[in-house]
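These notes concern the structure reproduced below.
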Protein chains: 2
Amino acid sequence: MRTLYHYPLHPGCRAVRIAFAEKKLKLNTVLIDPWSPEPDFTALSAEAMPPVMTDLTATGPVTLAGTIAICEYADEGSSRNPLLPGERQDRAEIRRLCAWFEGRFDFDAGGLILSEKLGATRLGGTPEMATLKEGRAALAEHLDYMAWLLERRDGLAGPNFTLADIIAFSHLSCLDYLGEVPWRERKSVAEWYARIKSRPSVRPLLADRVPGLRPPAHYGNLDF
Amino acid sequence: MRTLYHYPLHPGCRAVRIAFAEKKLKLNTVLIDPWSPEPDFTALSAEAMPPVMTDLTATGPVTLAGTIAICEYADEGSSRNPLLPGERQDRAEIRRLCAWFEGRFDFDAGGLILSEKLGATRLGGTPEMATLKEGRAALAEHLDYMAWLLERRDGLAGPNFTLADIIAFSHLSCLDYLGEVPWRERKSVAEWYARIKSRPSVRPLLADRVPGLRPPAHYGNLDF
């Protein structure tokens, strides 16, 4: 009995859901409001923010927190569909990219846009335009870097589908829900994104809706 | 032939050096000035910041970046002295704590203090007092959290020495060099720190000096 406490437009929560689905491991979910979490939830872990997961192991109940920690736990839960395939240098490159998106991408770009737009919707008020502008400028640079990687390799971290794809996709898909990704100028990134969007592990996430925010028409379209 | 590009008071660089020493794997080092890195160095990886490592593998040369990615690469380099011991839930807790220090601790506390004080020394000028004050207040909270963990477990992530100890120690030791850790009020954290300080993997780091900054007398003292 494995339960993920999540928010649908949180990149890390999306990554955990995709990781468990790729590994064919069942995951129950409980919705958390990050702007007003229940004390029962915040008491679970010092992070006090999703993603947090509880599981029942052979030695007793455990609580896990942190996107990459939970995703690697999923990966180690079964040998099927490894999320960090290859040699140890390949895993180092996958982990470098995971840290890139969870750290730099989120700090410079994704986190600014998401917190401004989602916060304004949830709490009322209007997004701070200067912050949005800063986030959008950084997002353009990160997309250029992704395009550079994708044009040099047959995939983000190489030809295999990996945890780096899952985490990068999770960040971009939250921004895409908000119509914030300038796809037109980045064909290689759009093609990579469309390939991941049609994976069976991803499709259920695309049906999630957040009250007061409707995604653009292309968001759930698997052909784009 | 494995080379780490590093800066002595960068927590991630310290963690990589300790990880390789714990694994008994040889590591050459090249000093980088983060405020004025050479183009040869910034061309190595998109991170353009230490830690960056080059290695020669059976399939050719590789470049690695990112603290946790490189430390896990070290761990996978030999089965000796595992840095993520135990079951997969134990590894999840180790990885949660690694992400905690590399992310939240650095963002809230350590990074603010280090960048203000080291930047002021390296570039001239005086540290911004409001930023230092904010970092110190957050540091006190993080130390309280560490004390809470250490008092409930026989170690940070449990009784074994792990990558979580290495990364937490690396962050604290950079701050300790600057005399920024209020040890007196946190006996359990000070005892944990002193135990790690006397490991053979750590001692060489304590001899590093940064021009213009002299550490406090207790910094290199293994009995404290």
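Every number in this text was worked out from the coordinates using simple rules, so none of it is lab data. Being a predicted model, the structure only gives us computed values, none of them experimental. Glycine gets a Cβ as well: all are built from the backbone with ideal geometry, and neighbour counts include every protein chain shown.
A quick yes/no check of all residues on (1) crowded, with 16+ Cβ neighbours inside 10 Å; (2) under 24 Å from B:Ala217 (Cα atoms):
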| site | (1), (2) |
| --- | --- |
| B:Leu150 | yes, no |
| B:Phe169 | yes, yes |
| B:Ser188 | no, yes |
| B:Ile196 | yes, yes |
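Restricting to segment B:183-203, count the residues that are under 13 Å from B:Gly155 (Cα atoms), of a type in the set (A, V, I, L, M, F, W, C) and in contact with a helix residue (DSSP H, G or I) (Cβ under 9 Å, 6 or more places away or on another chain).
Total satisfying the criteria: 3.
Just the residues that are under 24 Å from B:Met49 (Cα atoms) and not small (Gly, Ala, Ser), please, taken from segment A:60-98.
Matches in segment A:60-98: A:Thr67, A:Ile68, A:Arg88, A:Gln89, A:Asp90, A:Arg91, A:Glu93, A:Ile94, A:Arg95, A:Arg96, A:Leu97, A:Cys98.
Would you tally the residues in segment A:63-76 being more than 7 Å from chain B (Cβ to nearest Cβ) and of a type outside the set (Asp, Glu)?
4
To keep it simple, each residue is scored yes or no on (1) in contact with a strand residue (DSSP E or B) (Cβ under 6 Å, 6 or more places away or on another chain); (2) more than 9 Å from chain A (Cβ to nearest Cβ); (3) surrounded by fewer than 19 Cβ atoms within 10 Å (Cβ to Cβ).
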| site | (1), (2), (3) |
| --- | --- |
| B:Thr54 | yes, yes, yes |
| B:Ala58 | no, no, yes |
| B:Arg80 | no, yes, yes |
| B:Ala92 | yes, no, no |
| B:Phe101 | no, yes, no |
| B:Ala137 | no, yes, yes |
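Can you name every residue in segment A:16-52 that is without any contact (Cβ under 8 Å) to a residue 60 or more places away in the chain, within 14 Å of another protein chain (Cβ to nearest Cβ) and touching a helix residue (DSSP H, G or I) at 6+ places or on another chain (Cβ under 9 Å)?
A:Val16, A:Phe20, A:Leu25, A:Ser45, A:Ala46, A:Glu47, A:Ala48, A:Met49, A:Pro50, A:Pro51, A:Val52
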